[in-house]
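Colleague: Questions regarding the structure given below will be posed in turn.
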């Protein structure tokens, strides 16, 4: 493991977010690298200082009383069997109509969270030595053709080096049980994985930034493709990356 690879994983190690295999690799590197070990100590000292200085405030008793008074009061449990059956009959029709939609909404939310967790896992796997790229090139005209024949749809590859996000290559990865494209960029020492998968929906979905397992994810949908940009860069920088990618994509393929 190189210093650049270890440095990317130090925050995840500090937060206990690495699996056993990755933790052992980073710890083995730290045993032989004074510079990275010192960097980890500095991160730990910073964390301790923040925790020690965090202010704690107790809510005044008057505020607690106002909140308690505003909460719904429990209903009496005594109710006739007739009233219970009447309420059940009234609500069953509404429940029958709503149940399918509610279940679909819950499953859809769970499915999205599961896929984002898989995307983060794929990002972490890529940070292992030798796993980041299958095709190593900063030339978009080399990276894009490499995907041809390997995926049903070749993902858009855009060189954003001039905008501060260096294209370093691409690879095949697996999310949600299928092969998808991953386009790899670097922002200073930080890796940005842009995962691209075909979707049945042609409806555009506006971008959204979320944090999963300590990593920022900017996800959006456009032109029949789902995009997930994953990195440990700050959320505003990842948002900037996505904005520049979308703008360049529209310029290259208007309409």
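Colleague: Please arrange 35, 150, 187 by counting, for each residue, the other beta carbons lying within 10 Å of its beta carbon, fewest first.
Modeller: Numbers: 35 10, 150 13, 187 19.
Placing the least packed residue first, the sequence is 35, 150, 187.
Colleague: Let me ask you something else. Sort 155-163, 214-222 for me by packing, meaning the mean count of neighbouring Cβ atoms within 10 Å per residue, highest on top. List each step's numbers first, then the result.
Modeller: Details: 155-163: 17.4, 214-222: 19.7.
Final packing ranking: 214-222, 155-163.
Colleague: Is the stretch 128-172 rounded, prolate or oblate when judged by the Cα gyration tensor, a ≥ b ≥ c being the square roots of its eigenvalues, rounded requiring a/c under 1.5 and prolate requiring a/b larger than b/c?
Modeller: Details: a/c = 2.27, a/b = 1.19, b/c = 1.90.
Judged from the Cα gyration tensor, the stretch 128-172 comes out oblate (a/c at least 1.5, b/c at or above a/b).
Colleague: Specify whether the C-alpha gyration tensor of the stretch 109-252 places it in the rounded, prolate or oblate class, a ≥ b ≥ c being the square roots of the eigenvalues: rounded for a/c under 1.5, otherwise prolate if a/b is larger than b/c and oblate if not. Mind dumping the intermediate values first?
Modeller: Details: a/c = 1.14, a/b = 1.09, b/c = 1.05.
It comes out rounded by the Cα gyration axes.
Read-outs: derived from the displayed coordinates by stated rules, not from any lab. Computed from a prediction, not measured in an experiment: that's the story for all the values here. Counting neighbours? That spans all protein chains shown, and the Cβs are built from the backbone with ideal geometry, glycine included.
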